[in-house]
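Right, one structure below, let's go through it.
Every number in this text was worked out from the coordinates using simple rules, so none of it is lab data. In this text the structure is predicted, and so the values were computed from the model without any measurement. Cβ: placed from backbone, ideal geometry, glycine included. Neighbour counts: every protein chain shown.
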Amino acid sequence: MNALGAIVTFALCLMVMSLSRRGAVIAIIAGVCYITQGQIINLGFNFTAIRLIVLAGFVRTMFRGELKQIQFNPIDQALIFYIISIVAIPVVRTGTLGELVYQSGVLYNAILPYLIFRALIRNQRELADTLKLTAIVIIPYALCLVRESITNRNIFSVFDGVASSSMIRDGHVRGQGAFRSPITNGSFGATFAMMYASLFFSRSSDSRRVIALGLISSIVIVICAHSSGPLLGLGFGLLSLLLWRFQNHTRKIRWGILLSIVGLHL
């Protein structure tokens, strides 16, 4: 971990520990956006910067009693069972210590952030308010990706872990940002785009300008990544939201989709 990475990581850890629940969530998301996984402290177990920030979040929720506020529901139970299953199966299949260590890292990356976010965001209103603030983090990140797409220079290379020159496919720069690959970068943007889209089209939503900026910035991230997976995921997700708005006309929509598929094959 270089000096700049250490300073930023330490500052974000302090923010996670000291700010309000909403502020702590924003600090964690900022760590995901702006610090690469090249910032590592090896303590027998590779602690990347984001793992340290997540650890700070876990300690915070433990000491403040916020974890006790979680009321687990069937969705929580199903997700936790799924994560444990996909981690346990490779370990049982290979039976090696290396696989156990690797899957322990996967378990850490999946379970801890989920529990932290469940403890810090407790209802839909808090989620909506948090997303509005998250736009402040995402907008500058999207602008960094636009710059990367134009100049073919990744400014996050100062943190190590990503190349200074971006990947190019078919003449298009594939924006990677602070992520390991354009695919994960695009998936990050597509995930937030869906959340902003659901808020934007909600009749009860306010602060539409901020939400619209968050939605546009998220879509820009997907476009800059030039990755088909996130782009298709975003497209099908937006289509699903569109169908939800017309749920009272589902029969017409089904026939419309069927006719469209038939038309594409003719």
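Under a 5 Å amide H cut-off, with hydrogens placed 1.01 Å from N, residue 41 pairs with 47, 48 among residues at least 5 apart or on other chains. Choose one answer from 41, 211, 80: the residue with the largest mean-square fluctuation in a GNM of the chain with alpha-carbon springs under 10 Å. The residue that fluctuates most here is 80.
For the chain, a Kirkwood radius taken over Cα pairs fed into Stokes-Einstein (25 °C, viscosity 0.890 mPa s) yields D = 120 µm²/s.
About its Cα centre, how strong a charge dipole does the chain have in debye, to the nearest 20, once Lys and Arg get +1 and Asp and Glu get -1 at the Cβ?
720 debye
With the contact rule set at Cα under 8 Å and sequence spacing of 6 or more, what percent relative contact order holds for the chain? If you can, show how the numbers build up before the last one.
Values: 327 pairs, mean separation 46.8, N = 266.
Dividing the mean separation by the residue count of the chain yields 18 percent.
D by Stokes-Einstein for the stretch 1-123, Kirkwood Rh over Cα pairs, 4 °C, 1.567 mPa s: 84 µm²/s. Here the Debye sum runs over all C-alpha atoms of the stretch 8-74 as equal scatterers in vacuum, and log10 of I(q)/I(0) at q = 0.14, 0.19, 0.25, 0.28 Å⁻¹ comes out as -0.44, -0.73, -1.04, -1.17. Membrane-span-like helices in the chain (whole DSSP H runs, Cα extent of at least 18 Å along the helix axis, mean Kyte-Doolittle hydropathy of at least 1.6): 3-18, 49-63, 208-225. Expected output is a single nm value to one decimal: the length gained when fully extending between residue 17 and residue 160, i.e. 0.36 nm times separation in residues minus the C-alpha distance. What is it? That works out to 48.9 nm of additional length. Computed over the alpha-carbon atoms, the stretch 98-170 gives an Rg to Rh ratio of 1.12, Rh here being the Kirkwood radius from the mean inverse distance.
Shown here for the stretch 175-234: trypsin sites (Lys or Arg not before Pro) in loop regions (DSSP other than H, G, I, E, B) with at most 12 other Cβ atoms within 10 Å, namely 203. Among 164, 92, 138, which residue has its Cα furthest toward the positive end of the charge dipole of the stretch 40-180, with +1 on Lys/Arg Cβ and -1 on Asp/Glu Cβ? It is 138. Secondary-structure-derived ellipticity at 222 nm for the chain, considering helices only, amounts to -24000 deg cm²/dmol, per-run term -39500 (n - 2.57) for DSSP H runs with n ≥ 4.
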